[in-house]
Amino acid sequence: MKLPLWIIGAVCIASGIITMAMGGIGVPAGPTATVFGTLGYDALPDLVLNSQGFLALGLVGVGVALMVGANASAWKETGGY
């Protein structure tokens, strides 16, 4: 029963990280790389999460919850170690 939870949780976390990296964070003025070059300063305070970023955070949260739930009773199976 735990193996499917671990696999689904890991897939959710990996999907969330990939989704975040592929456009979940950005600058409202346009593509992040070109805006940084245009502004001429470090625009990190201008970064925002878009809808894809919120989806990514949700996927990571669900994945963490599934993996924590799958490992909640692991101490019983290992004798406390």
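Bear in mind these aren't lab numbers, they're just calculated from the coordinates by the rules spelled out. These numbers come from a predicted model, not from an experiment. Here the Cβ positions follow ideal geometry from the backbone for every residue, glycine too, while neighbour counts run over all protein chains shown.
Kindly rank 21-27, 47-53 from highest to lowest mean number of other beta carbons found within 10 Å of each residue.
Going by the mean number of other Cβ atoms within 10 Å, highest first, we get 21-27, 47-53.
Sorted by average packing, counted as other Cβ atoms within 10 angstrom per residue and highest first, what order do 1-14, 54-67 take?
54-67, 1-14
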